[in-house]
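The values are calculated or read from the model by the stated rules, or taken from the named source; none is laboratory data. None of the values given here were measured: they were computed from a predicted structure. Every residue, glycine as well, gets a Cβ built from its backbone with ideal geometry; the counts of neighbours run over all protein chains shown. Note: accessible area is taken over every heavy atom of the protein model, side chains too, but ligands, DNA and RNA are not part of it. Shrake-Rupley method; radii C 1.70, N 1.55, O 1.52, S 1.80 Å.
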Amino acid sequence: MNTLVVAGSLNLDLVGRAPRIPAPGETVLGGSLARFHGGKGGNQAVAAARLGAAVRFFGAVGRDAAGDELLAGLVVEGIDVAGVARAEAAATGAALITVSDAGENAITVLPGANLEVPAPGDGARAVLRGARGLLLQGEIPLAANRAWAEAARAARVPVLLNAAPASAGLAALLPWVDLLLVNETELAQLGGSEAAIGTAGERGPATIVTTLGARGCRAWHRERTFAVPGVAVHVVDSTGAGDTFAGALAAALAAGRELSAALAEANLAAALSCRRAGARGGMPTRAELDAALAAT
Ligand code: RIB
C-alpha cells in the first residue's frame, strides 16, 4: 500500500484579491474576499490523496467550528485524520492572504493550534512503520518536526521536507532529511546552493529539489543536477502551487516512481493547480493529471 504520512499545519485561509500586493505601509483597494481550506500540511496531504496516495494526516486544530470544517475537508478527500489532536485553548490556525491580478500572493500565517502539533506517539510510530514516506513542512514547531523525522529515520521511512517557510531551525533538521524541497528564496536562506547544503556535515539530504516558479524545477541528486522545464498555464492563483508540487512528488515516490518521472508529475500538477482560486481549488485528480501527462 502506498501509504504516505503527512505531519503538518491546517489553516483557514482568508483570501482577498487586489490589483497588486501592497508594499509595507501601503493601502491598496482590493476586490472580493473568500475563505478556503489551507495550511501547507493539509494542502500537501490533499494534493497527494487526489493523486492516489493513502494519506494519514497528523496535526492539530482548535475545539472550534473552523477545526471541524478543516477536518471534514480532509475526510472528504479520503484522508485519515485520526491522528489530528484538538488543542484545549488555542484556536484553529488561520492565514491572511492577498492574491494579485497576476496570481501572485503574500501570506501571513497565524499558527494557533498548529503550535501544539504533538510528537509521534506509539500509534503514530506504528503507522510510520507501514509507510512509504513522511512529508513535513515548516509550519509546525521544530521540536515536533524533529521528533517526526527521527521516528521516520528509525523506521527506515524516507523523510521529505518542504522547507517552507524556511528558518535557521529547519536547517538543523537536514541530517534526518532524505529529500529537501525548496523554492529559490528558501534555498538561499538554507545555504545558497544545493551542493553547499547536500555536502555539508556528515549526512545531508541525498536529493534536493528546487522549484523555479514558471521556469519549472531542478533536482540535485547524488551530486548530479538535472532540470524539468516549466509548463505554461493561465495563472489565476499560485497559492498552493508549492504544496501541490510537494504532495504530488511525495505521492509519486510513494507509488515507486523514479525521481525523474516523479518530478515531471509534480511539475505538471503544480502548474495545473494555478488555474483555479484557492490553495486546493486547482489541485488535479489522478485522472486530470494522467490526461495532461498524455497530452504533453
Ligand atoms: O502554501 C499555501 C498555504 O500557506 C496556505 O494555504 C496558507 O494557509 C499557508 O499555510
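Consider Gly103 carefully, then state whether it is assigned to a loop (DSSP other than H, G, I, E, B), within 14 Å of the ligand (Cβ to nearest atom) and either buried (at least 21 other Cβ atoms within 10 Å of the Cβ) or of a type outside the set (Ser, Thr, Tyr) (or both).
yes
Looking at this structure, is Asn183 closer than 21 Å to Ala261 by Cβ, within 16 Å of the ligand (Cβ to nearest atom) and under 19 Å from the mean Cα position of the chain (by Cα)?
It is false that Asn183 is closer than 21 Å to Ala261 by Cβ, within 16 Å of the ligand (Cβ to nearest atom) and under 19 Å from the mean Cα position of the chain (by Cα).
Pick from Ala49, Ala65, Ala72, Ala82: which is within 16 Å of the chain's Cα centre (by Cα) and on the phi < 0 side of the Ramachandran plot?
The unique qualifying residue is Ala49.
Name the helices (runs of 4 or more DSSP H) wholly inside segment 210-296 in which the number of residues that are in contact with a helix residue (DSSP H, G or I) (Cβ under 9 Å, 6 or more places away or on another chain) and under 23 Å from Ala94 (Cα atoms) is 2 or more.
241-254, 259-273
Check Thr244 against each of (1) without any contact (Cβ under 8 Å) to a residue 40 or more places away in the chain; (2) within 16 Å of the ligand (Cβ to nearest atom) and name the one condition it does not meet.
If we test Thr244 against (1) without any contact (Cβ under 8 Å) to a residue 40 or more places away in the chain; (2) within 16 Å of the ligand (Cβ to nearest atom), just (1) comes out false.
Regarding Thr211, is this residue within 16 Å of the ligand (Cβ to nearest atom), in contact (Cβ under 8 Å) with a residue 12 or more places away in the chain, open to solvent by 10 Å² or more (accessible area, probe 1.4 Å) and within 17 Å of the chain's Cα centre (by Cα)?
In short, yes.
Among the helices (runs of 4 or more DSSP H) contained in segment 109-188, which hold 2 or more residues that are exposed (fewer than 15 other Cβ atoms within 10 Å of the Cβ) and at pLDDT 95 or above?
Here the list reads 122-129, 142-154.
Can you give me the number of residues within segment 32-52 that are open to solvent by 10 Å² or more (accessible area, probe 1.4 Å) and under 23 Å from Pro141 (Cβ atoms)?
2
Need the failing condition index for Val55 against (1) over 26 Å from Ala149 (Cα atoms); (2) crowded, with 23+ Cβ neighbours inside 10 Å, just the number.
(1)
Can you work out which of the residues in segment 267-296 that are of a type in the set (Lys, Arg) and in contact (Cβ under 8 Å) with a residue 60 or more places away in the chain is farthest from Leu70 (Cα to Cα)?
Looking at the filtered set, the residue picked out is Arg286.
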